[in-house]
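Report on the following structure.
No value in this document is a laboratory result; all are computed from the given coordinates. Because the structure is predicted, anything quoted here is derived from the model rather than measured. No Cβ is skipped: glycine too gets one built from the backbone with ideal geometry, and neighbour counts run over all protein chains shown.
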Amino acid sequence: MAGKGAKDKMKGKAKQATGKITGDDRLKAEGRMEEAKGKAKDTMGEAGENIRGTKESLKRRTERS
């Protein structure tokens, strides 16, 4: 499954490439920001999954006791 930030990362890379080709520093910066936004979304999604996994593990452990 693709991360939640995959779309933002792809758009960011495209903007960076377009900015590089056209010499538009602002567009390159926008692309970097959008890519960072996508990476942050992925990181937050992974953290949420880890928290849910830990919660379930603790729940099973207490049910066995």
- prompt: To the nearest 10 degrees, how steep is helix 25-64 against the longest Cα principal axis of the chain, on a 0 to 90 scale?
  reply: 10 degrees
message: If N is the number of residues in the chain, what value comes out of its Cα radius of gyration divided by 2.2 N^0.38 Å?
response: 1.72
- line: Between the Cα axis of helix 6-22 and the main Cα principal axis of the chain, the angle (0 to 90°, nearest 10) is 20 degrees
FRET efficiency, Thr18 to Lys55 (Cβ-Cβ, R0 35 Å, nearest 0.05): 0.25
